[in-house]
Amino acid sequence: MMKEKQTFETTDEYIRQFPPEVQEKLNTLRGIIKELVPEAQEKISYQMPTFALYGNIIHFAAYKNHIGLYPGASGIAAFQKELVGYKTSKGTVQIPIGDPLPAELIRKIVKFKVEENIKKAEARGKK
């Protein structure tokens, strides 16, 4: 019998499914983003916690061995040098579950994405 895929309505629901030490990291990550962009909409997208302002800023998710951050291709490309110690792909960075969160780097990526989204929104408004 196939296990039904779990769905989440809120970030709190998503975070509660993990062990306390992972919940702490996810809540810390969430707090960093909320502190930087209090006006951002918090939602679930692709079954992951997501923050959006003029479009998605960042998604995040926890896995067995890492925390995944999804700032998109531009967010990864802009910080390629600072992400050298992490496994990355076109739009993702993996932070090993046992490592501390790179709070300053996360702040830089989030700020970059907010600025990028605002510029794109302004450009759309001028057309």
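A short reminder: the numbers here are calculations on the coordinates, not readings from a lab. Just so it is clear, the model here is predicted, and its values are computed rather than measured. Heads up, the Cβs are rebuilt from the backbone with ideal geometry, glycines too, and the neighbour counts pull from every protein chain shown.
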Measuring from the longest principal axis of the C-alpha atoms of the chain, the long axis of helix 20-36 (C-alpha) lies at a number of degrees, nearest 10, equal to 10
Taking Cα atoms only, helix 103-126 is inclined relative to the longest principal axis of the chain by an angle, in degrees rounded to 10, of 50
Links exceeding 18 Å between C-alpha atoms in this model, out of K25/K81; K34/K90; K90/K113; K90/K119, come to K25/K81; K34/K90; K90/K119
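Before anything else, pin down the relative contact order of the chain: Cα pairs under 8 Å, at least 6 apart, normalised by residue count, whole percent. Walk me through the intermediate numbers first.
Values: 157 pairs, mean separation 26.5, N = 127.
Here the relative contact order equals 21 percent.
Find the all-direction average of the projected area of the Cα convex hull for the stretch 11-126, expressing the result in square nanometres with one decimal place.
Values: hull surface 28.2 nm².
Projected over every direction and averaged, the Cα hull of the stretch 11-126 covers 7.1 nm².
Can you tell me how much longer the chain between T10 and A103 gets when fully stretched, taken as 0.36 nm per residue apart minus their C-alpha distance, in nm with one decimal? Don't jump to the answer; show the numbers that get you there.
Working: separation 93, 0.36 × 93 = 33.48 nm, distance 2.31 nm.
Answer, rounded to one decimal: 31.2 nm.
What does the helix-only formula give at 222 nm for the chain: each DSSP H stretch with n ≥ 4 adding -39500 (n - 2.57), the total divided by the residues, and the result rounded to the nearest 500 deg cm²/dmol? List each step's numbers first, then the result.
Numbers: 4 runs with 54 residues, N = 127.
Only helices count here, giving -13500 deg cm²/dmol.
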The exposure ranking of Y46, Y54, fewest beta-carbon neighbours within 10 Å first, is Y46, Y54
Computed over the stretch 1-63, the convex hull of the Cα set has an average projected area, in nm², of 4.8
Placing each pseudo-label 7 Å from Cα in the direction of the beta carbon, K64 and T88 end up separated by a distance in nanometres of 2.6
